[in-house]
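Peer 1: Below: one structure in structure tokens.
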């Protein structure tokens with residue numbers, strides 16, 4: 001059984017966003033590895049999150065579902081400042097969580113919480129972001145999501161099969177183009193399905 005009480009530090013979305021901006025301004029990144037790649041990714045992610053906050057609109061379907069949820073949930077998201085998928089999805093998740101007083105959103109850093117991360121691997125990998133939905137009253141895990149919307153993940157799978165020799169930089173460029181066109185719709189569709197499964 002995962003012990004979430006071992007979490008030493010968690011952040012609200014506003015706190016997390018401010019921290020990412022601070023990393024970007026000081027030319028650093030979260031986690032022990034301070035590579036040029038991760039620092040540059042952090043800078044881009046700070047800009048992405050601000051843009052997504054302004055641009056993404058939630059669907060009427062997701063608004064109706066979330067406002068009718070009577071259970072109290074805690075959403076814990078594992079991520080890192082340099083994670084592109086985190087920057088694309090966490091702002092949308094935060095918008096959804098903000099619709100209900102019954103949902104408490106906590107963001108934690110992957111590398112500061114290896115015990116929790118290792119309990120929620122994706123095909124053996126520490127892929128982030130990862131959302132864990134917990135019943136706030138009985139502490140039972142209700143469900144998980146991540147690290148990408150199902151539709152985006154399918155596009156990734158098809159891209160890698162079609163272009164196995166393309167560079168990681170080229171893949172990342174295409175990934176963020178897909179997210180830009182998608183405007184958070186695939187994530188919302190994932191959550192529409194998951195909410196119906198999680199509500200008991």
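We did not get these values from a lab; they are worked out from the coordinates using the rules stated. Just so it is clear, the structure is predicted and the values come from calculations on it, not from any experiment. Glycine gets a Cβ as well: all are built from the backbone with ideal geometry, and neighbour counts include every protein chain shown.
Peer 1: Pull up the DSSP beta bridges for the chain and report the antiparallel fraction as a percent, rounded to 5.
Peer 2: On the way: 12 of 19 bridges.
DSSP beta bridges in the chain are roughly 65 percent antiparallel.
Peer 1: Read through the labelled values (i) 0.95; (ii) 1.07; (iii) 1.38 and report the label of the one computed as Rg/Rh (Cα atoms, Kirkwood Rh) from the structure.
Peer 2: Recomputing Rg/Rh (Cα atoms, Kirkwood Rh) here gives the entry labelled (i).
Peer 1: Let me ask another. Taking 0.36 nm per residue of separation and subtracting the Cα-Cα distance, what length does fully extending residue 139 through residue 34 add? Walk me through the intermediate numbers first.
Peer 2: On the way: separation 105, 0.36 × 105 = 37.80 nm, distance 3.52 nm.
Extra length from residue 139 to residue 34 when fully extended: 34.3 nm.
Peer 1: Quick one: check the C-alpha center-to-center distance for region 142-200 versus region 1-80, whole angstrom.
Peer 2: Computed from Cα coordinates, the inter-centre distance equals 17 Å.
Peer 1: Report, for region 53-159, the % of DSSP beta bridges that are antiparallel, rounded to 5. Don't jump to the answer; show the numbers that get you there.
Peer 2: Numbers: 11 of 18 bridges.
If I count the DSSP bridges inside region 53-159, around 60 percent turn out antiparallel.
Peer 1: Given R₀ = 30 Å, FRET efficiency for residue 98-residue 25 by Cβ-Cβ distance, to 0.05? Please list the in-between numbers first.
Peer 2: Details: r = 25 Å, r/R0 = 0.85.
With a Förster radius of 30 Å, E is 0.75.
Peer 1: Using the 10 angstrom Cβ neighbour count as an exposure proxy, how do 148, 51, 126, 196 rank, fewest first?
Peer 2: 196, 51, 126, 148
Peer 1: Which peptide among 66-72, 21-27 comes first, and what is the full order, when sorted by highest mean count of other Cβ atoms within 10 Å?
Peer 2: 21-27, 66-72
Peer 1: What ranking do 183, 160 get, fewest neighbouring Cβ atoms within 10 angstrom at the top?
Peer 2: Fewest-to-most Cβ neighbours within 10 Å comes out as 160, 183.
Peer 1: Go ahead and run the numbers for FRET between residue 64 and residue 151, Cβ-Cβ distance against an R0 of 25 Å, rounding to 0.05.
Peer 2: On the way: r = 21 Å, r/R0 = 0.85.
Step by step, r from the Cβ atoms, then E = 0.75.
Peer 1: Still on this structure, I have one more. Which order do the peptides 114-125, 74-85 take when ranked by the mean count of other beta-carbon atoms within 10 Å per residue, highest first?
Peer 2: Ranking the peptides 114-125, 74-85 by packing returns 74-85, 114-125.
Peer 1: Which three numbers, in whole Å and largest first, are the semi-axes of the equivalent ellipsoid of region 109-200 derived from its Cα gyration tensor as √(5λ)?
Peer 2: After scaling each eigenvalue by five and taking roots: 28, 18, 11 Å.
Peer 1: Taking 0.36 nm per residue of separation and subtracting the Cα-Cα distance, what length does fully extending residue 119 through residue 18 add? Could the numbers behind the result be given before it?
Peer 2: Details: separation 101, 0.36 × 101 = 36.36 nm, distance 2.78 nm.
So the chain would gain 33.6 nm between residue 119 and residue 18.
Peer 1: Run the simple label-point estimate for residue 193 and residue 180 please: 7 Å along Cα→C-beta, distance reported in nm.
Peer 2: The answer from the label model is 2.7 nm.
Peer 1: Taking Cα pairs under 8 Å and at least six residues apart, what relative contact order does region 1-129 come out at, in percent?
Peer 2: Rounded, it is 32 percent for region 1-129.
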